[in-house]
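Report on the following structure.
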Amino acid sequence: MGNRGQRIRIAPGIYRDQYGLSSTVKVGTIQRERRFPEGTKLLAIRSWQDEVRAQLRKLPAEQSGTLQADVARYLEAIQPTLVSFADRRRHLEAWLPRFGHYRMDVLLSSATPALNAQLRKWRGGLSASSCNQRRDAITNLVKVLYGRRAALDLIDLVRFDRPDPVPRWLPREHVEAVLARLNPGTKTEVRLRLLHWTGMRPSQMGRLQLEDFRLEEPIPYVVVPRGKGGRLAAVPLVEEGLRAARDFIDRGAWSAWSCPSANKLLAAAAKKAAIEPFTVYQIRHSFSSALRRAGVDVADIQELYGHTDPRTTKIYAPAWLPRHLEAIGRLRTG
């Protein structure tokens, strides 16, 4: 009974008294206070504190110190070097409606619960990969602008487990039968033929320049621009690939192009050929699978694809039992 009316501090800005729980937030000379029923989780109270701090610290978008201003600074800094710049900008801009007015010191010091709540909300309608990319985008922004130590403040941001991709490879004759039904000589047709014989990503093809084609060398090849791992790859061209490269140059099929649009044309061509439709990326995956089935070593496929991790290559170029049987058969003597 002696403690009746006593106010006990149980966490920063959170107190308990005879009426339950209360929380106080003060920024500068402005203070806000709210009462909570007994039994309210501390996480819920801290989330309220974060919301109030953000409101009290709210600044105009153009004023430095907000996430929105930092996104603009960050994108300007990384644009010359980042391969997937458009994707990074899109993932960062997704944060702005909810957190654009936050000051960075608030975001780093106390907004992790609110950031995680947003990530979990996104996960309800987005893939694990997309949510993880949004997480990594904001973490990288902090690392670039404020240093690795500052980025450690976001280490508790949730990361979602991704299922292993299941590549759907196709026989090369299946792909070729559909490509033959496309309008010959169009930009889409020459791009997809070149992809069929090089396995490069559409985004890499969109950055090709004339000097990347070394068609007069003893072994003609194309220098594939940087992929996700930041590595260059030289892909040799057989006769069909050489023809596709020359048609690509003659048609002026440079610059970025849309996979969804190409997929629609592929679907229409597949219908004409009475073959199950497939996508642009299935052409790429089929290239690596066909190489593996032809006996090409995973390390060589890794070099062609510019992968930094051989485990990534093995997803798209899995082992093939007949090749293993052939290799083991060589061990027999007599």
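Among the residues in the range 168-180, are any out of contact with any Asp or Glu (no Cβ under 6 Å at 6 or more places or on another chain), under 30 Å from residue 139 (Cα atoms) and surrounded by fewer than 16 Cβ atoms within 10 Å (Cβ to Cβ)? Quick ask: steps written out before the conclusion?
Restricting attention to the range 168-180, the residues satisfying the condition of being out of contact with any Asp or Glu (no Cβ under 6 Å at 6 or more places or on another chain) are 168-180.
Next cut, under 30 Å from residue 139 (Cα atoms) only: none.
Checked against the condition, which is being out of contact with any Asp or Glu (no Cβ under 6 Å at 6 or more places or on another chain), under 30 Å from residue 139 (Cα atoms) and surrounded by fewer than 16 Cβ atoms within 10 Å (Cβ to Cβ), the range 168-180 yields no hits at all.
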Scanning the range 1-55 residue by residue, the ones that are at pLDDT 80 or above, over 22 Å from residue 111 (Cβ atoms) and among the small types (Gly, Ala, Ser) total 2
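Determine, yes or no, whether residue 109 is within 21 Å of residue 74 (Cα to Cα) and out of contact with any Leu (no Cβ under 8 Å at 6 or more places or on another chain). Break it down into steps so the answer makes sense when it comes.
On the way: within 21 Å of residue 74 (Cα to Cα): yes; out of contact with any Leu (no Cβ under 8 Å at 6 or more places or on another chain): yes.
Against the criterion (within 21 Å of residue 74 (Cα to Cα) and out of contact with any Leu (no Cβ under 8 Å at 6 or more places or on another chain)), residue 109 qualifies.
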Those residues of the range 247-280 which are in contact (Cβ under 8 Å) with a residue 24 or more places away in the chain and under 23 Å from the mean Cα position of the chain (by Cα), in sequence order: 255, 256, 257, 259, 261, 262, 278, 280
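Table: residues versus (1) in contact with a strand residue (DSSP E or B) (Cβ under 8 Å, 6 or more places away or on another chain); (2) over 27 Å from residue 12 (Cα atoms); (3) in the same structural domain as residue 45 (by TED's automatic domain parsing).
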{"position": "88", "(1), (2), (3)": "no, yes, no"}
{"position": "94", "(1), (2), (3)": "no, yes, no"}
{"position": "100", "(1), (2), (3)": "yes, no, no"}
{"position": "103", "(1), (2), (3)": "yes, no, no"}
{"position": "114", "(1), (2), (3)": "no, no, no"}
{"position": "138", "(1), (2), (3)": "no, no, no"}
{"position": "146", "(1), (2), (3)": "no, no, no"}
{"position": "149", "(1), (2), (3)": "no, no, no"}
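Select from the range 271-288 the residues that are of a type outside the set (D, E, K, R) and buried (at least 20 other Cβ atoms within 10 Å of the Cβ) and write down the one among them that is farthest from residue 191 (Cα to Cα).
Pass one, the range 271-288, residues of a type outside the set (D, E, K, R): 273-275, 277-283, 285-288.
Imposing the further condition that a residue be buried (at least 20 other Cβ atoms within 10 Å of the Cβ) reduces the set to 278, 280, 283, 285-288.
On the way: 278: 16, 280: 10, 283: 11, 285: 16, 286: 16, 287: 15, 288: 18 Å.
Result: 288.
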Which numbered condition residue 255 fails, given (1) among the polar types (S, T, N, Q); (2) assigned to a helix (DSSP H, G or I); (3) at pLDDT 60 or above: (2)
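Is at least one residue of the range 184-203 acidic (Asp, Glu), crowded, with 20+ Cβ neighbours inside 10 Å and either in the same structural domain as residue 250 (by TED's automatic domain parsing) or more than 19 Å from residue 258 (Cβ to Cβ) (or both)?
So the first thing to find is which residues in the range 184-203 are acidic (Asp, Glu), and the list is 189.
Now narrow it down to the ones that are crowded, with 20+ Cβ neighbours inside 10 Å: 189.
Of the ones still in play, those that are also either in the same structural domain as residue 250 (by TED's automatic domain parsing) or more than 19 Å from residue 258 (Cβ to Cβ) (or both) are 189.
Yes - at least one qualifying residue is present in the range 184-203.
Quick one: count up the residues across the range 56-88 that are modelled with pLDDT of 85 or more, of a type in the set (Gly, Ala, Ser) and within 18 Å of residue 133 (Cβ to Cβ).
Filtering the range 56-88 for residues modelled with pLDDT of 85 or more gives 66-78, 87-88.
Among the residues that remain, those that are also of a type in the set (Gly, Ala, Ser) are: 69, 72, 77.
So of that shortlist, the ones also within 18 Å of residue 133 (Cβ to Cβ) come out as none.
Going through the range 56-88 one residue at a time, the tally reaches 0.
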When residue 320 is evaluated against the numbered criteria (1) modelled with pLDDT under 85; (2) within 28 Å of the chain's Cα centre (by Cα), which criterion, by number, is the only one it fails? (2)
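The values are calculated or read from the model by the stated rules, or taken from the named source; none is laboratory data. Remember, predicted model here, so these are calculated numbers, not experimental data. Ideal geometry is used to build each Cβ from the backbone, glycine not excepted, and the neighbour counts take in all protein chains shown.
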